[in-house]
Amino acid sequence: MPYATTNDGVQLYYEEVGSGIPLIFVHEFAGDHRAWEAQMQHFGRRYRAITFAARGYPPSDIPPDASSYSQARAADDIAAVLDHLGIEKAHICGLSMGGFATLHFGFRHPDRALSLCVAGCGYGAELDMREKFRAEADAVVASLLTDGMAKFADRYAHGPTRVQFEAKDPRGFAIFKAQLAEHSALGSANTQLGCQKERPSLYTLTAEMAALTVPTLVLTGDEDWPCLAPALLMKRTIPSAALSVMPNCGHTINLEAPQMFNEIVEDFMAQVDALRWPLRDPRAMITSITGIK
């Protein structure tokens, strides 16, 4: 099995297919490398498509201490996979936890990103929801360590921003839930403690966003309620950002509506590859509605 080694010695399992411009997919908390199968099949026809299992997700290593997990490490683990594969620059596409890692990769390694697709990013970002989010992270950890992965998956998979997936594609949803139940309870708990719970709010990162000029697509479902306002924040603040909202979609958009997701991402990357992706025209940031003062 192919593994990349991080700078702290963690082995990350990865898969790749195709050839051409590199594109790496970064999964969410409830997913793993398998969640990108529809994207690997689609983009592997035209790109060198790569995905990997984050630390804490089998068959990658599961560091036993939560201190081995953080938002910075999640971003740097993307770089570790690229280093192992000898890739200087790649398109980076992440969902939810992977979307946060993608955004932070742009902050930490902007010279290595051809583009950033930041999808489903925003849970816990609202400043008035920070303590609630942190308390929920603790509840997730308690459930994982007390009840085990299978019982946790049965509850977590039916969250308010995932029922849309279940309604649209019961068979696909059943596969998603079964794969979630196969995760490591310890790895998932440590991910919650070290990465999810402690990550900074997007609203405290506006200076970093304003300095980001890597072509960026912010992508969200219109029923992914915790991500809508943060998506607007990123659109307004990142000068190279476009915002795309997928209708009648919840959180797991790459699985829930894979064809739409793939078309949006593919069009974005084609514009980037053609050197046609713009920075926002300052004239678009007017303070009056008509532009006439």
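The numbers here are math on the coordinates, done by the rules we state, and not lab data. Note that the structure is a prediction, hence the values are computed from the model and not measured. Virtual Cβ from ideal backbone geometry, glycine too; neighbours counted across all protein chains shown.
For GluC sites (Glu not before Pro), the sites in the range 126-196 that DSSP calls loop and that have at most 15 other Cβ atoms within 10 Å are Glu182.
Expressed per residue, the C-alpha convex hull volume of the range 151-226 stands at 142 Å³.
Once you've got the Cα coordinates, tell me which of Lys197/Lys235; Lys177/Lys197; Lys151/Lys235 are over 26 Å apart. Don't skip to the answer; put the middle values down first.
Values: Lys197/Lys235 24 Å; Lys177/Lys197 23 Å; Lys151/Lys235 37 Å.
Lys151/Lys235, as the Cα separations exceed 26 Å there.
Distance between the pseudo-spin-label points of Asp138 and Ala150 (7 Å out from Cα toward the beta carbon): 3.0 nm. If the chain linking Lys168 and Ala207 were pulled fully straight, counting 0.36 nm for each residue of separation and taking away their Cα-Cα distance, it would gain 10.1 nm. Kirkwood-type hydrodynamic radius, the chain: 19.1 Å, calculated from all non-identical alpha-carbon pairs. Here the spin labels are modelled as points 7 Å beyond Cα on the Cα-Cβ line, and at Asp8 and Lys89 they lie 3.0 nm apart. Shape descriptor for the range 24-129: Rg over Rh equals 0.96 (Cα atoms; Rh from the Kirkwood inverse mean 1/r). By the rule of a second cysteine Cβ within less than 4.7 angstrom, the chain holds isolated cysteines at Cys121, Cys195, Cys227, Cys249.
Applying the Karplus relation 6.51 cos²θ - 1.76 cosθ + 1.60 with θ = phi - 60° to the range 231-240 yields 3J(HN,Hα) values of 5, 5, 4, 5, 4, 5, 9, 7, x, 9 Hz, where x marks Gly and Pro.
For the residues Ile87, Ile78, Ile50, a GNM of the chain with alpha-carbon springs under 10 Å puts the largest fluctuation on Ile87.
From the largest down, the range 91-150 spans 42, 30, 17 angstrom on the principal axes of its Cα atoms. Compute the separation of the alpha-carbon centres of the range 1-44 and the range 71-130 and state it in Å as a whole number. Centre-to-centre distance over Cα atoms comes out at 13 Å. Close amide H contacts of Gly221 (hydrogens built in the peptide plane, cut-off under 5 Å, sequence separation of 5 or more or a different chain): Gly120, Met246. Spin-label model, Gln259/Leu232: points 7 Å from Cα along the beta carbon direction are separated by 3.1 nm. Contact order, relative form, for the chain: 19 percent (alpha carbon pairs under 8 Å, 6 or more residues apart, mean separation divided by residue count).
Of all DSSP-defined beta bridges confined to the chain, some 25% are antiparallel rather than parallel. Structural size metrics of the range 84-210, computed from C-alpha coordinates, are Rg and Dmax of 16.3, 43 Å.
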